[in-house]
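First comes the structure, then the notes that go with it.
The values are calculated or read from the model by the stated rules, or taken from the named source; none is laboratory data. Given the structure is predicted, the values throughout are model-derived calculations rather than measurements. Every residue, glycine among them, receives a Cβ derived from its backbone with ideal geometry; neighbour counts consider all protein chains shown. The area values use the complete protein model at the heavy-atom level, side chains included, leaving out ligands, DNA and RNA. Shrake-Rupley method; radii C 1.70, N 1.55, O 1.52, S 1.80 Å.
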Amino acid sequence: MAKEVYWHLPGFCYFRLLNQMIINMMHDYPDKFREGYKIGSVYGTFPGAIWNGGRAVMGFTGKNDIQNILKTYNDKGVPVRFTWTNSLIEEKHVYDTYCNLIMKLADNGLNQVLVNAPVLEDYIRREYPNFPRISSTTKRIVDVDAMIEELQKDYHLVVLDYDLNHNEEALEKLEPYAGRVEILVNEVCYPGCKMRSEHYLQQSKMQLEFDVNTAFPCPNKTQERKFAECMDRPAFISNEQIGSYIDRGYVNFKIVGRGMPLEFAKESYLYYLVKDEHREFIRGKIDALFAQIQAMQRRK
């Protein structure tokens, strides 16, 4: 039997329909998907939550919609993972009514949180101990000894900084902890970007101030983000390479996609999760379902 490998999908709100399609198809057409692959979580945020980091997401979700979205994933055994990685959180922010409502509604022992700010992490440990905590890549831990120190703490998982994706020395040293390391496989940014931490801070500030107009001068930004483009990036991990990571015990892989077009997420899922010979079949099923939904919306 193949080793179980867990994939963590982006945008549990923004890509909600796509994620539901993939989860359902993995159940309905198991022979079309790679053996042993499971959905480990769907990550992201409900719009407008000030604890959110990494990518600012504006808007608002009502209580009933929050409950329905959580139920949709949880009823299928899939954890919802909140990206509570705002780098600028202070003590006053931990009492935010909206974010605490989300946590109370999701507090069932299945759902998870990504963390990076000590003040918020301490608050969650104290007030919401049932949530498995994942140490975020936004901490930018690129020193291997510091990464090992992080793994020796009580985190459920620790997300590897993608600068280390192909660092053989680092991967070898981390092997004893491989089962608790999560790896970003399709990062679009370049390793060693000197503006990455600054970008995280800017996104955190946008989220806290509900600033929809501030743009970040990303040196790697292109006009249109496509999956084919990220395949040429140095941090990309191909299907041909994934097996060597799994053989060494690395079984948690994160698909990047928050803030990206729907097509980027769809092509990422098709590439990593679906067997090559069945990719067009699953693509056709997804496209047909979206076409049905669009036709229904036009008739309203």
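For the reader, a short list of remarks on this structure follows.
- The number of residues in the range 37-58 that are open to solvent by 20 Å² or more (accessible area, probe 1.4 Å) and touching a Lys or Arg at 6+ places or on another chain (Cβ under 6 Å) comes to 1.
- Residue within the range 87-103 that is open to solvent by less than 20 Å² (accessible area, probe 1.4 Å) and in contact with a strand residue (DSSP E or B) (Cβ under 6 Å, 6 or more places away or on another chain) present: no
- Here the range 72-86 is the region considered, the condition is being surrounded by 21 or more Cβ atoms within 10 Å (Cβ to Cβ) and out of contact with any Leu (no Cβ under 8 Å at 6 or more places or on another chain), and the residue that is farthest from Trp7 (Cα to Cα) is Tyr73.
- Matching residues in the range 264-300 - criterion: being of a type in the set (Phe, Trp, Tyr) and surrounded by fewer than 16 Cβ atoms within 10 Å (Cβ to Cβ): Phe281, Phe290
- Filtered residues of the range 118-141 (kept if out of contact with any helix residue (DSSP H, G or I) (no Cβ under 9 Å at 6 or more places or on another chain) and under 21 Å from Pro47 (Cα atoms)): Glu121, Ile134, Ser136
- Wholly within the range 126-222, helices (runs of 4 or more DSSP H) carrying at least 2 residues that are at pLDDT 95 or above: 144-151, 168-173
- Only one of Asp122, Asp154 that is farther than 20 Å from Ile242 by Cα, loosely packed, with under 14 Cβ neighbours inside 10 Å, charged (D, E, K, R) and touching a strand residue (DSSP E or B) at 6+ places or on another chain (Cβ under 8 Å): Asp154
- Among the candidates Ser204, Ser135, residue that is surrounded by 14 or more Cβ atoms within 10 Å (Cβ to Cβ) and either touching a Lys or Arg at 6+ places or on another chain (Cβ under 8 Å) or not hydroxyl-bearing (Ser, Thr, Tyr) (or both): Ser135
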